[in-house]
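Peer 1: Take this structure, written in structure tokens, and hold onto it; I'll ask about it next.
Any read-out appearing in this document is the output of simple, stated calculations on the displayed coordinates, not a laboratory observation. All figures in this text were calculated on a predicted structure; none of them were measured in a lab. With ideal geometry, Cβ positions are generated from the backbone for all residues, glycine too; neighbour counts draw on all protein chains shown.
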């Protein structure tokens, strides 16, 4: 299973965003009015994996209503944020950190729904009982700016009593999982798909779960859906249709893991057909898909986490970062 790399917004891109003059979304190249009151607009996704397929299904649902929804696949979430700020893209769904960074710098972007709840956990070699066992030990990370790195370091600061691991930049989640199973590192943050992949290769007995961020940071939402604020204002009906379709796709997944399997086969046909059902069942059993799960409380807790992690300055408020009226309408 391919794993996306969740990174935060770089300082250079923040400067570019704040220096950009943002055109009105209704008249820019990214959004075009069509006959009959229909609309042409673009949804940006970043290296889509299993968590993104409900977003792609929602785009198809809006297409069936007569709108022309283009999908552009990008290599980095920063590119989606830049496109949203410039009005080239209407909607995107990826790491929350880059969106909050841009919003904090004045970019016209609003968080409107959830992609997936916090699924990250720290896994360690057998015998690792707590983070104090990791003092000076090799701890694999994707990058210093990764969301999982921020959560891991927050956990270390809160619970390790000064016992700091030796952070090693290794690369993607799948690579780190293999390094952990091979004994090359002592711990690393992994997603559900990584754990399932280890199980499928018979190497699950070589790792143990040390910390579960779904339990320790349940109100932190690392992946969300966000949109150009002008698009939301000028095309509220279409924006609502997209969010409602996403909420319904998540409800179907929660009703049957086979729905998620079908979506993966449709939108990501190259994924391992043996791993997908197990991964889908794990997501469903943990109720991680709920696009309408965002509330002013957990949005603020997510903001506070990224401020604590020095990704954004303290003081950003949920009402300025998110427009939750769409998920409230969809849930009703």
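Peer 1: Under the Kirkwood approximation applied to all pairs of distinct alpha-carbon atoms, what is the hydrodynamic radius of the range 121-216 in Å?
Peer 2: Over the range 121-216, the inverse of the mean reciprocal pair distance is 12.9 Å.
Peer 1: Next question, about the same structure. Compute the helix-to-body angle for 296-308: its Cα long axis versus the longest principal axis of the chain, expressed 0 to 90° and rounded to tens.
Peer 2: Helix 296-308 sits roughly 60 degrees off the main axis of the chain.
Peer 1: Hey, fewest Cβ within 10 Å first, where do 242, 289 land in order? Walk me through the intermediate numbers first.
Peer 2: Working: 242 28, 289 24.
Fewest-to-most Cβ neighbours within 10 Å comes out as 289, 242.
Peer 1: Looking at (i) 1.48; (ii) 1.11; (iii) 0.98, which value of Cα Rg over 2.2 N^0.38 Å comes from a calculation on the structure shown?
Peer 2: After the calculation, the listed value that fits is (iii).
Peer 1: Among rounded, prolate and oblate, which fits the range 231-282 when a ≥ b ≥ c are the square roots of the eigenvalues of its C-alpha gyration tensor, a/c under 1.5 means rounded, and a/b larger than b/c means prolate?
Peer 2: prolate
Peer 1: Right, next: Sorted from fewest to most neighbouring beta carbons within 10 Å, what does the list 235, 297, 67 look like?
Peer 2: 297, 67, 235
Peer 1: Continuing with the same structure: Using 7 Å Cα-to-Cβ label points, what is the residue 307/residue 34 separation (nm, one decimal)?
Peer 2: Going from the residue 307 label point to the residue 34 one covers 4.2 nm.
Peer 1: On a 0 to 90° scale, report how tilted helix 236-255 is relative to the longest principal axis of the chain, with both axes built from alpha carbons and the result rounded to the nearest 10.
Peer 2: The helix 236-255 is inclined about 40 degrees to the chain.
Peer 1: Using just the helices of the chain, give the 222 nm mean residue ellipticity in deg cm²/dmol: DSSP H runs with n ≥ 4 each add -39,500 (n - 2.57), and the total is spread over all residues, rounded to 500. Each step should come with its number before you reach the end.
Peer 2: Details: 15 runs with 145 residues, N = 332.
That calculation yields -12500 deg cm²/dmol at 222 nm.
Peer 1: Hey, can you rank 251-258, 198-205, 83-90 by average C-beta count inside 10 Å, highest first?
Peer 2: 83-90, 251-258, 198-205
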